[in-house]
Amino acid sequence: MKRTLIAALIATATLTAGAASAETVMAVESELGPVLASSETGLTLYTFRNDSDNTSNCYDDCASAWPPFAAPASAQSEGALGVIERRDGSRQYALNGQPLYFWAGDAEKGDVTGAGVGGDWDAVRQEGGC
C-alpha cells in the first residue's frame, strides 16, 4: 500500500500563520509506526488518493467521515505544509500539495483506524521515528 512519507524535520514543523490559534503538526506513535498528527488533538492525519495536487475531492458525506484539517484564514504555507482553498471557500492544510484529513473513526492519539479504508486513504507516515 502506498503511504505518504515525510521527513523527520517536517514532523515537528509549526505552521507559522501569524496567529496564536495556528494549527501545528507533530509525529505520534501508532501501530503503523510514526504518523503525522495535529498537535492540538493528537489525531492522525490522512491523504485521499482521489485528490489531485492542491485540490480536495472530499465533500458532503465524504467530508463528514473525513473532516478536512481546517486552516484558519490567517494561515500561511510553510515549507512542505501548505494551505489550499476548498471549493466551499474554506481553507485546508496540505502536505506537498496533498490535502490533509482526519478520520471520524479515530478517537485517541495514535489511532490509525482510517488507514486503507476503501483502498483510498493513507495515514501520513514519518520516516525515521518520532
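Read-outs throughout are calculated quantities, based only on the coordinates presented, and are distinct from any laboratory measurement. Note that the coordinates shown come from a computational prediction; the quantities given were computed from them, not determined experimentally.
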Checklist line | Amide H within-cut-off set for residue 82, under 5 Å, with H built and near neighbours excluded | finding: 94, 95, 96, 97
Next item on the list: In whole Hz, with x marking every Gly and Pro, tabulate ³J(HN,Hα) for region 40-45 from phi via Karplus 6.51 cos²θ - 1.76 cosθ + 1.60, θ = phi - 60°.
Entry: 6, 10, x, 7, 4, 9
Notebook entry, point to check: In region 31-130, what is the volume of the convex hull around the alpha carbon atoms, normalised per residue and reported in Å³?
Noted result: 101 Å³
Check: Between residue 71 and residues 5 or more places away or on another chain, which pairs have amide H atoms under 5 Å apart, with H built 1.01 Å from N, and which residues are they?
Finding: 91, 92, 93
